[in-house]
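The values are calculated or read from the model by the stated rules, or taken from the named source; none is laboratory data. All values reported here derive from a predicted model rather than from experimental measurement. Positions of Cβ are generated from backbone atoms using ideal geometry, with glycine treated the same way; all protein chains shown enter the neighbour counts. With ligands, DNA and RNA removed, areas are computed over all heavy atoms of the protein, side chains included. Shrake-Rupley method; radii C 1.70, N 1.55, O 1.52, S 1.80 Å.
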Amino acid sequence: MKYHIFIGSTLDDLKNERKEVHRIIMELGHIPVTAEYLDNSAKNYEQLLSKIIEECDYFIAVTAHRFVLAGEKTSLLEMEYQIACKKNIQVLSLIIDEKARWKATKKEKDAPLIKKLDSFKNKLRAGTHETWLNTTDLCLKLQSLLIQQMNLAPQCGWVRGDQAITPSVANELSRLSTENEHLKRQVKLDDGEIMNKLRGQMKNALKVLALNKVTLSFYYMTGDNWENSRQFRYLRVFKLLVPELSVGKTTAEVSRFLGTVLNPDLEKPVRKDYPTPSNSIKKIMADLSMLKLVRCTNKDEVSGEDEIWEITAFGKELYSAYRMRQLEKPFIKTEI
C-alpha cells in the first residue's frame, strides 16, 4: 500500500527542509506531492490544486517564521490547508519551535503578516502536530508522525492497476471470508486470551527498556579519544530508533544517528565514522533483537560491521502502544 502525501510550506525560506521532507517520504516507500510547479496565474489553478490535494491521503504542513512568499500577500500554504480541511484530508503539522535558531532574513517583518502567521499556527496546533528545532529534528518528528498516523489512522492509499481485484477474485474472497467465519465459530478462538498474552509481552518489554541503561561515549572531529561518556535508558534509545529503522539501517548508520542526536556537547560536531563505539551499538541492537523489537535482515549474508537492522512488527506495535499511553495521559489527569 502506497500513500500520496502532500507537502505544504512556504518555499523560499524552507528549501532545504522541503528536500528532506521529500526524501523521508520516499524512503518510507510513499509518494510526495507538491504544488510548487503549478502555474498559479492559470484560470483553473484553484480547481487543479483542489483536485491534487483531494487525491492525497495525508497533508504535511511545515511552518517556520514566514507566512507568504516574498512580494505576495496571500498565503499559498493557508489556501492549501483550507482545501485539505474541506476535503477531510488528514493534516499533520510541523511547527518550528520558538527557541529554534533562525535567520532574521527569513522572518516576517510586517506586523499584520506576523499576526496572521501566529493565528494560522494556532489553527495547526489544534490538530496533530509536532515542533522542530532544526532539519535533523524535523526529519525525526516527521517520521514519527507518519508512522504513528499510518498505524492509528490508515487511509485508502492505492495499488497498481494490474494488482486491482477482479470480480472473480472478489467472489473468491467473499467465499473464503464466509468459510473463515464458519471455521472461527467451530474452533471458537479465544481472542481475549491471545490479546492478554500480547499485552503481557509488551508490558514486560517496556519494563525491561525502562529499567536498563547503556553507556555511550562520543568521538569528536577535533578529538583524539572517546569523551563525554553518558548513560541512556534503553527506552529513550528505542524511541529514537523506531522511525530510523522503518527503512533498513546498517550498524554504522545507527552509530552515526545516535552519535548525532545524543551528543551532549552541541558545540563539538562528532566524527562521521562511528562517533559512538561499534561494540556498544552492536550490544544495543543485540539486546533489542533479543526482545524481538528489531531484526537483522542480512544475517546469513554478511558479518562484521555491515549488518542491516529493521524494526519488527512487534516493535512497531510496542512503540504505537507506548505513544498512545503518552498521548492519553493528559486526558487521564483531566478525568481525575
On the given criteria, is Gly157 small (Gly, Ala, Ser), open to solvent by 50 Å² or more (accessible area, probe 1.4 Å) and modelled with pLDDT under 90? no
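Quick grid of which residues meet (1) of a type in the set (A, V, I, L, M, F, W, C); (2) modelled with pLDDT under 95; (3) exposed (fewer than 15 other Cβ atoms within 10 Å of the Cβ); (4) out of contact with any Leu (no Cβ under 7 Å at 6 or more places or on another chain):
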{"site": "Thr250", "(1), (2), (3), (4)": "no, yes, no, yes"}
{"site": "Glu307", "(1), (2), (3), (4)": "no, yes, no, yes"}
{"site": "Gln326", "(1), (2), (3), (4)": "no, yes, yes, yes"}
{"site": "Phe331", "(1), (2), (3), (4)": "yes, yes, yes, yes"}
Name, by its number, the condition in (1) farther than 20 Å from Gln201 by Cβ; (2) out of contact with any Cys (no Cβ under 7 Å at 6 or more places or on another chain); (3) not charged (D, E, K, R) that does not hold for Trp309. (2)
Condition (residue is crowded, with 19+ Cβ neighbours inside 10 Å and in contact with a Ser or Thr (Cβ under 6 Å, 6 or more places away or on another chain)) applied to segment 4-12: is it met by at least one residue? yes
Output the residues belonging to segment 97-139 that are of a type in the set (Lys, Arg) and either surrounded by fewer than 15 Cβ atoms within 10 Å (Cβ to Cβ) or farther than 30 Å from Phe257 by Cβ (or both). Lys99, Arg101, Lys103, Lys106, Lys107, Lys109, Lys115, Lys116, Lys123, Arg125
Within the set of pairs 6 or more residues apart or between chains, which connect a residue that is within 17 Å of Asp97 (Cβ to Cβ) inside segment 114-125 to a residue that is open to solvent by less than 90 Å² (accessible area, probe 1.4 Å) and part of a helix (DSSP H, G or I) with Cβ atoms less than 8 Å apart? Phe120/Leu77; Phe120/Glu78; Phe120/Tyr81; Leu124/Tyr81
What helices (runs of 4 or more DSSP H) completely inside segment 68-180 contain at least 1 residues that are more than 27 Å from Arg323 (Cβ to Cβ)? 76-86, 111-125
Do the conditions hold for Lys43, that is, is it basic (Lys, Arg), open to solvent by 80 Å² or more (accessible area, probe 1.4 Å), over 25 Å from Cys139 (Cβ atoms) and not in a helix (DSSP H, G or I)? yes
Among the residues of segment 1-36, what is the count of those that are within 30 Å of Lys109 (Cβ to Cβ) and not in a helix (DSSP H, G or I)? 12
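Hey, among the residues in segment 262-279 that are in contact with a Ser or Thr (Cβ under 7 Å, 6 or more places away or on another chain) and open to solvent by less than 50 Å² (accessible area, probe 1.4 Å), which one's farthest from Thr222 (Cα to Cα)?
Step one: of segment 262-279, the residues in contact with a Ser or Thr (Cβ under 7 Å, 6 or more places away or on another chain) are 268, 270, 274-278.
Imposing the further condition that a residue be open to solvent by less than 50 Å² (accessible area, probe 1.4 Å) reduces the set to 270, 274-278.
Working: Val270: 8, Tyr274: 14, Pro275: 12, Thr276: 15, Pro277: 17, Ser278: 19 Å.
Only one residue tops the list, namely Ser278.
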Restricting segment 217-248 to residues that are open to solvent by 70 Å² or more (accessible area, probe 1.4 Å) and in contact (Cβ under 8 Å) with a residue 40 or more places away in the chain, which is farthest from Val294 (Cα to Cα)? Thr222
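Test Arg175 against the criterion of being within 25 Å of the chain's Cα centre (by Cα), at pLDDT below 80, charged (D, E, K, R) and open to solvent by 90 Å² or more (accessible area, probe 1.4 Å), and give yes or no. Spell out the reasoning first.
Numbers: within 25 Å of the chain's Cα centre (by Cα): no; at pLDDT below 80: yes; charged (D, E, K, R): yes; open to solvent by 90 Å² or more (accessible area, probe 1.4 Å): yes.
Answer is no for this residue.
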Can you spot a residue in segment 187-204 that is exposed (fewer than 11 other Cβ atoms within 10 Å of the Cβ), modelled with pLDDT of 65 or more, β-branched (Val, Ile, Thr) and in a helix (DSSP H, G or I)? no
